[in-house]
Each structure stands twice: as C-alpha cells, then as structure tokens.
Amino acid sequence: MDNKKPHKKDYLKYFMEQLTDLKAILHSKRANIYYLEKCRVMQKDGRVLYLVEADVEKQYWNISIANTTCILLGTGTSITQAAVRMLATAGVLIGFSGSGGTPPYCS
C-alpha cells in the first residue's frame with residue numbers, strides 16, 4: 001500500500017482543471033456582483049475570500065466564484081495575485097471604481 005501524499009504541483013493542476021469547469025456557467029446565469037471597499041481580497045485554501053479588519057478581530061468572508069459575474073474593487077481595497085489568477089480562471093470580471101461604485105476606472 002502506497003501512502004504517498006500527492007505533490008503540490010499535481011494538486012494545483014487538478015484544482016485548476018476543476019476551476020476551468022466554472023467557466024461553463026454563462027454570465028447571464030450567474031447571480032452575484034460584489035462591490036468591495038476597504039478590505040483585502042485573497043486566495044486561501046483553494047477559496048477566494050475577503051478580509052475586513054474590525055477594531056478587535058479580523059473577519060473573513062467567502063466569495064462564491066462559481067456564481068459571481070463581477071467584482072468591483074473600491075477605494076482602500078487590495079487584491080493578491082493568487083486571487084486574481086483564480087478569479088480569471090473562473091471567468092470572473094474584475095473592475096476598479098471610485099467611492100460608492102462610481103466612476104469605474106477600468107473593467
């Protein structure tokens with residue numbers, strides 16, 4: 001019996017293949033559009049999430065990339081390269097906007 005752990009590259013390859021299946025969902029069938037302000041978007045444990053820092057604790061919120069059409073990043077928001085890679089693989093559009101969602105700088 002061989003109990004070897006899979007290599008990290010094999011795991012990432014499998015995971016990325018699963019993400020490409022998410023592009024099969026048409027944008028017209030997706031429901032979510034996020035506007036995020038003063039937070040940090042990151043990839044952690046195969047998920048895309050955003051972190052909001054409160055006075056006492058940090059709060060993590062999951063973003064369902066399979067059912068998301070667009071994410072608008074407002075002022076005070078940062079995003080990691082790993083999160084952008086995962087969102088792009090799932091076919092999620094990323095836009096940058098000013099305060100309150102207008103004006104859009106890039107989409």
Could you please find all residues in segment 73-98 being in a loop (DSSP other than H, G, I, E, B) and of a type in the set (A, V, I, L, M)? Ala90, Val92
Close pairs (7 angstrom Cβ cut-off, 6 or more residues apart or separate chains): farther than 14 Å from Ser78 by Cβ in segment 40-59, assigned to a strand (DSSP E or B) and modelled with pLDDT of 90 or more anywhere: Arg47/Asn62; Lys58/Leu51; Gln59/Val52
Could you pull out the residue among Thr77, Thr68 that is in contact with a strand residue (DSSP E or B) (Cβ under 7 Å, 6 or more places away or on another chain), modelled with pLDDT under 90 and either surrounded by fewer than 11 Cβ atoms within 10 Å (Cβ to Cβ) or under 19 Å from Ser97 (Cβ atoms) (or both)? Thr68
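Results for (1) modelled with pLDDT of 80 or more; (2) more than 13 Å from the chain's Cα centre (by Cα); (3) part of a strand (DSSP E or B), shown as yes or no for each residue.
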| residue | (1), (2), (3) |
| --- | --- |
| Lys4 | no, yes, no |
| Leu19 | no, no, no |
| Val41 | yes, no, yes |
| Asp55 | no, yes, no |
Single match in Arg47, Arg85, Arg30 (criterion: surrounded by 11 or more Cβ atoms within 10 Å (Cβ to Cβ) and at pLDDT below 85): Arg30
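The values are calculated or read from the model by the stated rules, or taken from the named source; none is laboratory data. Since this is a predicted model, take the numbers as computed values, not measurements. Quick reminder, even Gly has a Cβ in these numbers, built from the backbone with ideal geometry, and neighbours come from all protein chains shown.
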